[in-house]
Amino acid sequence: MRMTQRARNATIAVVAATAIGASGVAVGAAAAAPAPASNPAAPAPASTAPVSTTPVTSATTAGAEAERASYADVVRRVLPSVVLISTTEGLGSGVVLDEAGNIVTNAHVAGDTTTFQVQVAGAAAPRSAHLVGSYPPDDLAVIRVDDPTGLKPARFGDSAKAQAGDVVLAVGNPLGLSGSVTSGIISATGRVVTEPASGDGRPGATLPDAIQTSAPINPGNSGGALVTVAGDVVGIPTLTASGSQNGASVQGIGFAIPSNLVRDIARQLVGSGHVTNSHRAAIGAQVGTVTGEDGTPDGTGIVAVTNGGPADKAGLRPGDVIRTAGSTSTPDTQALATALAAADPGDKVALEIVRGTERLTVTVTLGELPAS
């Protein structure tokens, strides 16, 4: 069976975090996506199924914790909270949110499926589950098992306190090997990464503020847990960088959606089945990459604008080609998404556009990415 995991090339930009969007096409990310220490999300609506949270203990302040010979005690605490999710499209992982049976995973693990089989650690038979809600712009989804008996909620930490050098463990089900654990460190925080497009051509989410880790993340790890040596979940692994550069293969570069964003989006999905506040910026236009005569990307073209939206109010039209956003070149939609990833709703951004034979500068006051 195919493993559901994005172990393909990821577009990486060392820029801070949030998103812009488009009608029909999600361009850029805000909580990017996954996610935001530099742009903290506003408090989400209270859920009837609360998620457990505790401060995260960093390896740099934990002293001898980072030099321990074994993390078996941490694994014993975390494994019961990490499940194997089976769909008609493949396998992935999930993390138990609460005793009501809600489990958070990646939107790309859930895919277009609405029913699932969930294998809980120590249980002989899988449990049936159904989709609660999905929010692809942040690559997050929540499913709920029909029988929540004995589920152990994970303990979520404060990802804003995570820092480069902290020791972390990636817990999941790579290649269908249930309950597998790998170790590494947090390599960086605040990364902006763009997931690869899906098989049907839909653009991948742009995740701002992603956690970069050296802990190996393999197919099937998606939706699992990135945990500290204190056993606190600080991220949900979502993809790895792969490929080669100058003949050398890429190794030890994985990314996770920070736990603060995960909690916020999950609470909204649990509360109503939808995301009611994306906390992410948007230009209110559907866009696509324009190619030049030589077939290379030559700008981000506006396909359609949302009536009354930011682009419409700024006078942008279908057919306009965005060449720069601020001081950043935008040869394609991913570049535009990354350039605007640090923006918040209400921010102003200067777009240099080409309209026919004219070159114009248009200032757009960003709106909010529509909720799910």
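Throughout, read-outs are computed from the coordinates displayed, never taken from laboratory work. Remember, predicted model here, so these are calculated numbers, not experimental data. Cβ placement follows ideal geometry from the backbone for every residue including glycine, while neighbour counts extend to all protein chains displayed.
Maximal additional length on extending the Glu358-Asn307 stretch stands at 16.0 nm, based on 0.36 nm per residue less the C-alpha distance. Could you tell me which of rounded, prolate or oblate describes region 122-211, using a ≥ b ≥ c as the square roots of the eigenvalues of the alpha-carbon gyration tensor, with rounded for a/c under 1.5 and, failing that, prolate when a/b is larger than b/c and oblate otherwise? It is oblate, given that a/c is not under 1.5 and a/b is not larger than b/c.
For Thr276 and Ala72, the difference between the fully extended length at 0.36 nm per residue and the C-alpha to C-alpha distance is 69.5 nm. Which of the three applies to region 162-232, rounded, prolate or oblate, going by the alpha-carbon gyration tensor with a ≥ b ≥ c and a/c under 1.5 meaning rounded? Since a/c reaches 1.5 but b/c is at least a/b, the shape of region 162-232 is classed as oblate.
When each of the peptides 230-237, 174-181 is scored by how many other beta carbons lie within 10 Å of its residues on average, the order from highest to lowest is 230-237, 174-181. Among 282-293, 359-370, the peptide with the highest mean count of other Cβ atoms within 10 Å heads the list, and the full ranking is 282-293, 359-370. Starting from the Cα gyration tensor of region 80-234, take the square roots of the eigenvalues, sort them a ≥ b ≥ c, and report rounded, prolate or oblate (rounded when a/c is under 1.5, otherwise prolate if a/b is larger than b/c, else oblate). Verdict is oblate for region 80-234.
With the simple spin-label model, which puts each label point 7 Å out from Cα in the Cβ direction, the Leu177 to Thr296 separation comes to 4.2 nm. Here's how it looks for Ala188: its modeled amide H is under 5 Å from those of Gln212, which are all 5 or more places away or on a different chain. Using the Karplus relation 6.51 cos²θ - 1.76 cosθ + 1.60 with θ = phi - 60°, the per-residue 3J(HN,Hα) values for region 176-185 come to x, 7, 4, x, 7, 10, 10, 10, x, 10 Hz, with x marking Gly and Pro. For Lys161, the lysines whose Cα falls under 26 Å of its own Cα, not counting residues fewer than eight places away in the same chain, are Lys152.
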